[in-house]
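Novice: Quick one: the structure is below, and I'll ask about it shortly.
The values are calculated or read from the model by the stated rules, or taken from the named source; none is laboratory data. Please read these numbers as outputs of a predicted model, since none were measured by experiment. Backbone-built Cβ (ideal geometry, glycine too); neighbour counts: all protein chains shown. Quick note on the areas: whole protein, heavy atoms, side chains included, nothing else; ligands and nucleic acids left out. Shrake-Rupley method; radii C 1.70, N 1.55, O 1.52, S 1.80 Å.
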Amino acid sequence: MRILIVTPGVRGSRTGNQITALRWARILRGLRHSVAIASSYEKQACDLLIALHARKSAGTICRFRQALNSVPLIVALTGTDLYGDLGRSPAARKSIDLADYVILLQPAGIEPIPERLRAKCRVIYQSAIASSPRRPLKRSFEVVISGHLRPVKDPFRAAYAVRHLPIDSRLCITHLGAALSAEMRRRADLEMLRNTRYRWWGNVPHWRSRQLIARGRALVLSSRMEGGASVIAESIVNRTPVIASDISGNRGMLGADYPGLFACGNTLELRSMLWKVEQDVSFRNELRRRVTARLPNHSPMTEQRSWRKLISELS
């Protein structure tokens, strides 16, 4: 089968959509399909179109459906689709109307989907590869943040939370990710000047971020919106405890009763949880046990089986 994956954004970037498109291409090629990746549909010959992002790919989806009405169309929904655009963008809603199937990255993503369209939905968990084991730092209790600096990620929440920890705390933040604006760069630089517990590393290669997640005592994800964060999958396969904002996408990845969730945007609650994960070994072990229990969801074999099953449904 000739498969075209359309993803908005610049080719070669490290956005979540680009990383997902590249991983899916590898999986589908492993299933013996021919796969191309493009930023839009321009009448390329294909037997299946997979479009990431219902709103940003809406033009592509409409052109494709007008040109090839009988060729299957799969639309993969992002966090901004699920928790923003579907409620206010007619183009995003039309995209899932036109789709034969809709991909969700975690099961809670079905909640914003109109009931009449839920039969189209399939959950495909993102897989990740564990890094080689890394010993944690001895002189500090390192907590990692991995994500580009942009407002939807609430990127400085953990930095604010560690400003006023007790003096005997050894906790420090290692923040990985590019500043996507001059203002974000300025804020990161300023935070490092005023906050000795915070270090921003900037953009690092993916292999290096995986190593640092494996080395960290915990990972913080403070996002206001997530469709199904790949960084959670990477933490799970490395058995790194996760502390995450209590939003639908994170609950879908970690479980609604996961004990490491804090109220989104609540600095005091996050500070309390960071202090607890540093000081309370039993709490830290419980978080590790919970993420380890979800490891089978994120194995490459699981993701490959999900794709094989979906494509068999198409035929």
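Novice: Work out the P(r) tail for the range 267-311: percent of alpha carbon pairs separated by more than 17 Å, whole number.
Specialist: Numbers: 540 of 990 pairs.
It works out to 55 percent of all Cα pairs.
Novice: Quick one: angle between helix 300-314 and the longest Cα principal axis of the chain, in degrees between 0 and 90, rounded to 10, please.
Specialist: 20 degrees
Novice: How long are the three semi-axes of the equivalent ellipsoid of the chain, in whole Å, if each is the root of 5 times an eigenvalue of the C-alpha gyration tensor, listed from largest down?
Specialist: On the way: eigenvalues 258, 76, 65 Å².
Those come to 36, 20, 18 Å.
Novice: Need one number: nm distance between label points at SER70 and ARG308, each 7 Å from Cα along Cα→Cβ, rounded to one decimal.
Specialist: Those two pseudo-labels are separated by 2.9 nm.
Novice: In whole Hz, with x marking every Gly and Pro, tabulate ³J(HN,Hα) for the range 173-189 from phi via Karplus 6.51 cos²θ - 1.76 cosθ + 1.60, θ = phi - 60°.
Specialist: Whole-Hz 3J(HN,Hα) from phi for the range 173-189: 9, 10, 10, 10, x, 6, 7, 8, 7, 4, 5, 5, 4, 4, 5, 5, 4.
Novice: Treat the range 222-263 as a sphere of radius equal to its Kirkwood radius over Cα pairs and apply Stokes-Einstein at 10 °C in a medium of 1.306 mPa s; give the translational diffusion coefficient in µm²/s, rounded to a whole number.
Specialist: Numbers: Rh = 10.1 Å.
Rounded to a whole number, D works out at 157 µm²/s.
Novice: Do you know the relative contact order of the range 27-85, to the nearest whole percent, from alpha carbon pairs under 8 angstrom that are 6+ apart?
Specialist: On the way: 50 pairs, mean separation 21.2, N = 59.
Relative contact order for the range 27-85 comes out at 36 percent.
Novice: Moving on to the next point. Across every pair of different alpha-carbon atoms, what Kirkwood hydrodynamic radius in Å does the range 153-267 reach?
Specialist: Details: mean 1/r = 0.0675 Å⁻¹.
The Cα-based Kirkwood calculation yields 14.8 Å.
Novice: Heavy-atom accessible area per residue, the chain, 1.4 Å probe: how many Å²?
Specialist: Numbers: 14190 Å² over 315 residues.
Ligands and nucleic acids excluded, the result is 45 Å² per residue.
Novice: Something else now. Over the range 175-220, what relative contact order in percent results from Cα pairs under 8 Å that are six or more residues apart? Intermediate results must be reported in sequence, preceding the final value.
Specialist: Details: 28 pairs, mean separation 20.4, N = 46.
Computed over the range 175-220, the figure is 44 percent.
Novice: If I model a spin label at ARG23 and ARG2 as a point 7 Å from the Cα along the Cα→Cβ vector, what separation in nanometres do I get?
Specialist: 2.8 nm
Novice: Would you please name the trypsin sites (Lys or Arg not before Pro) within the range 139-205 that are DSSP coil residues with at most 11 other C-beta atoms within 10 Å of their C-beta?
Specialist: Numbers: sites: ARG139, LYS153, ARG157, ARG163, ARG170, ARG185, ARG186, ARG187, ARG194, ARG197, ARG199; in loops: ARG139, ARG163, ARG170, ARG197.
Passing sites in the range 139-205 are ARG139.
Novice: Follow-up question, since we're still on this one. Over the Cα atoms, compute the radius of gyration (one decimal) and Dmax (the largest Cα-Cα distance, rounded to a whole number) for the range 108-154, in Å.
Specialist: Cα-based Rg and Dmax for the range 108-154 come out at 18.5, 55 Å.
Novice: A further question follows. State the dimensionless ratio Rg/Rh of the range 73-158 (Rg: radius of gyration of Cα atoms; Rh: Kirkwood radius).
Specialist: 1.13
Novice: While we're looking at this one, here's another question. Who wins for biggest fluctuation among THR240, THR267, THR78 in a Gaussian network model of the chain, springs between alpha carbons below 10 Å?
Specialist: Of the options given, THR267 has the highest mean-square fluctuation.
Novice: Could I ask something else about it? Between the range 199-267 and the range 39-100, what is the C-alpha centre distance in whole Å?
Specialist: After rounding, the separation between the Cα centres reads 28 Å.
Novice: Explain nothing, just the number: relative contact order of the chain, from Cα pairs under 8 Å at least 6 residues apart, as a whole percent. Each step should come with its number before you reach the end.
Specialist: Working: 596 pairs, mean separation 50.3, N = 315.
The normalised contact order for the chain reaches 16 percent.
Novice: Let me ask something additional. Fully extended, how many nm does the chain gain between HIS206 and LYS43 (0.36 nm per residue separation, minus their Cα-Cα distance)? Write out the running numbers ahead of the final one.
Specialist: Numbers: separation 163, 0.36 × 163 = 58.68 nm, distance 3.27 nm.
Extra length from HIS206 to LYS43 when fully extended: 55.4 nm.
Novice: Picking from GLY147, GLY109, GLY84, which is most flexible by a Gaussian network model of the chain using Cα springs under 10 Å?
Specialist: Checking each option, the largest mean-square fluctuation is seen for GLY84.
Novice: Once you place label points 7 Å from the Cα toward the Cβ at ASP280 and ARG135, how far apart are they in nm?
Specialist: 2.9 nm
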